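These notes concern the structure reproduced below.
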Amino acid sequence: MHFKPLHDRVLVRRIEAEEKTAGGIIIPDTAKEKPMEGEVVAVGPGTRDENGKLIELGVQPGQRILFGKWSGTEVRIDGEDLLIMKESDILGIVEATAELKKAA
C-alpha cells in the first residue's frame with residue numbers, strides 16, 4: 001500500500017534507541033521509553049497561505065528528525081508501526097557531522 005499524507009502532515013518511522021547503556025547494561029523492553037527520533041517516510045504537499053499559495057514543508061523523505069514525546073498518531077501500515085504528525089510537531093532535523101560519517 002502506498003500512503004501519501006495530506007496538507008502539512010508527515011509520516012515517520014521511529015528509530016529504535018540502543019538496547020545497552022554506555023556502561024554495557026542491557027535495558028529491558030519494559031524500561032525503555034519510546035524513541036523521540038525518527039526517519040521521514042513521506043510528506044504532504046504543504047499548506048496554503050491566505051492568498052492560496054502553496055507553502056512546501058521543510059522536511060523531506062529520508063531525513064532524520066527529533067519530535068516531541070507525545071507527538072503524532074500511531075498507525076500500522078503494511079504491518080509496520082508508523083507515526084503521522086504535523087510538521088509543527090517536529091522539533092528539528094538531525095544532520096550527520098563529518099565525524100559520524102567517517103565512523104559509518
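Only the coordinates and a few stated rules stand behind these numbers; no lab work does. Note that this is a predicted model, so its numbers are computed, not measured. All Cβ positions, even for glycine, are placed from backbone atoms using ideal geometry, and neighbour counts span all protein chains on display.
Of the residues in region 78-98, how many are assigned to a loop (DSSP other than H, G, I, E, B) and not hydroxyl-bearing (Ser, Thr, Tyr)?
The qualifying residues number 4.
I need a count of the residues in region 46-76 that are within 20 Å of HIS2 (Cβ to Cβ), surrounded by 15 or more Cβ atoms within 10 Å (Cβ to Cβ) and among the aliphatic types (A, V, I, L, M).
Residues in region 46-76 being within 20 Å of HIS2 (Cβ to Cβ), surrounded by 15 or more Cβ atoms within 10 Å (Cβ to Cβ) and among the aliphatic types (A, V, I, L, M): 2 in total.
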